[in-house]
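These notes concern the structure reproduced below.
The values are calculated or read from the model by the stated rules, or taken from the named source; none is laboratory data. Quick caveat: nothing in here was measured; it's all calculated off a predicted structure. Cβ sites come from the backbone with ideal geometry, for glycine too, and all protein chains shown count toward neighbours. With ligands, DNA and RNA removed, areas are computed over all heavy atoms of the protein, side chains included. Shrake-Rupley method; radii C 1.70, N 1.55, O 1.52, S 1.80 Å.
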Amino acid sequence: MKIICIGRNYSEHAKELKNAIPSKPMFFLKPDSAVLPKRNPLFIPEWTQDLHYEVELVYKVNRLGKYISAQHAHKYYDTVGIGIDFTARDIQEQVKAKGHPWEIAKAFDGSAAIGSKFLPLAEFKDQNKISFQLQKNGELVQDGLSNDMIFDIDQIIAYVSQFMTLKIGDLIFTGTPSGVGKVNPGDRLEAFLEGQKMLKVDIK
Ligand code: ZN
């Protein structure tokens, strides 16, 4: 299983980090070892002073495919969940400045927190307008709507599958809306999908 993550997919978030709006989807990978085991807290790694949360919609691939067209991409997933892409922002800035890969800032153990369940998309009123939120210590910090994505899930699948085969069980983190920020020991993060609490992470 691989985790494909899209960067800079919401214009307000690209602006808050002073990044240009991309003309093509931009993606990176997390290994399966990045998944935070369910109900485990996340221990802030000792090598970062600026660990950020990024709440994101996560789609699960349910069919093997390569060179999938955007038109047929909807046949490759039927559920959506929520996740947090934990990012060591200080380390990411350092490697970005050198033009180096992002893995040490984004692919470390525990950096992919994933909600307890995936919801069938057939049950959504409007699959293009999925709402999701993140609360930190009970306060709303991120509030997203899927139709604010620069590249929607079908465009993402079409793009990524030109380069790599999508396999059953692969996860696609679709980028974060604005409002990212730092976590500190003692913080509690709670993520909501269509108003339902799907994920809780305690930071230690
Ligand atoms: Zn992200």
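For region 46-139, what's the relative contact order in percent, using C-alpha pairs closer than 8 Å and at least 6 residues apart?
Working: 119 pairs, mean separation 28.7, N = 94.
Computed value for region 46-139: 31 percent relative contact order.
Which GluC sites (Glu not before Pro) does region 14-110 hold that lie in a coil by DSSP with at most 11 other beta carbons within 10 Å?
Those that pass, being in a loop and sparsely packed, are 46.
Could you tell me the convex hull volume per residue, in Å³, taken over the Cα atoms of region 3-202?
On the way: hull volume 22.2 nm³, N = 200.
With only Cα atoms used, region 3-202 gives 111 Å³ per residue.
Expressed as a rounded percentage, what relative contact order does region 24-81 have, with Cα pairs under 8 Å and six or more residues apart? Walk me through the intermediate numbers first.
Values: 26 pairs, mean separation 16.8, N = 58.
Averaging sequence separation for qualifying contacts and normalising by length gives 29 percent for region 24-81.
Kindly write out, for region 37-48 in residue order, the coupling ³J(HN,Hα) from the Karplus curve 6.51 cos²θ - 1.76 cosθ + 1.60 (θ = phi - 60°), rounded to whole Hz, with x marking Gly and Pro.
So the Karplus estimates, Gly and Pro as x, are x, 3, 6, 7, x, 9, 8, 5, x, 5, 8, 10 Hz.
Taking amide H positions as placed in the peptide plane 1.01 Å from N, state which residues far from residue 44 in sequence (5 or more) or on other chains have amide H under 5 Å from it.
When sequence neighbours closer than 5 places are left aside, the close amide H contacts are 204.
Hey, what do the phi angles of region 67-73 turn into as Karplus ³J(HN,Hα) couplings, whole Hz, using 6.51/-1.76/1.60 and θ = phi - 60°, x for Gly and Pro?
6, 8, 7, 4, 5, 9, 4
Given charges of +1 on the Cβ of Lys and Arg and -1 on the Cβ of Asp and Glu, with all other atoms neutral, how large is the dipole of the chain about its Cα centre, in debye to the nearest 20?
Working: 26 positive and 25 negative charges, 90 e Å.
Using Cβ point charges on Lys, Arg, Asp and Glu, the chain gives about 440 debye.
Per the 1.4 Å probe, what fraction of the accessible area of region 3-202, in percent, lies on carbon and sulfur atoms?
Working: 4710 of 9430 Å².
Taking all protein chains in place, region 3-202 shows 50 percent carbon and sulfur surface.
Sequence gap at least 6, Cα distance under 8 Å: using those rules, report the relative contact order of region 3-202 to the nearest whole percent. Don't skip to the end; give the middle numbers.
Working: 457 pairs, mean separation 69.4, N = 200.
With pairs under 8 Å counted, the relative contact order is 35 percent.
Counting only heavy atoms of protein chains, what accessible area per residue, in Å², does region 3-202 have with a probe of 1.4 Å?
Solvent-accessible surface per residue comes out at 47 Å².
Take residue 16 and residue 121, extend 7 Å from each Cα along the Cα→Cβ direction, and tell me the distance between the two endpoints in nm.
Each label point lies 7 Å from its Cα, and together they span 2.6 nm.
Cβ under 10 Å from residue 187's Cβ, residue 187 left aside: what net charge do those residues give with Lys, Arg +1 and Asp, Glu -1? Could you put the intermediate results ahead of the total?
Working: positive: 136, 182, 188, 204; negative: 202.
Here the charged neighbours net out to +3.
Could you tell me whether region 76-171 comes out rounded, prolate or oblate from its Cα gyration tensor? Rule is a ≥ b ≥ c as square roots of the eigenvalues, rounded for a/c under 1.5, then prolate if a/b exceeds b/c, otherwise oblate. Don't skip to the answer; put the middle values down first.
Values: a/c = 1.86, a/b = 1.25, b/c = 1.49.
Oblate.
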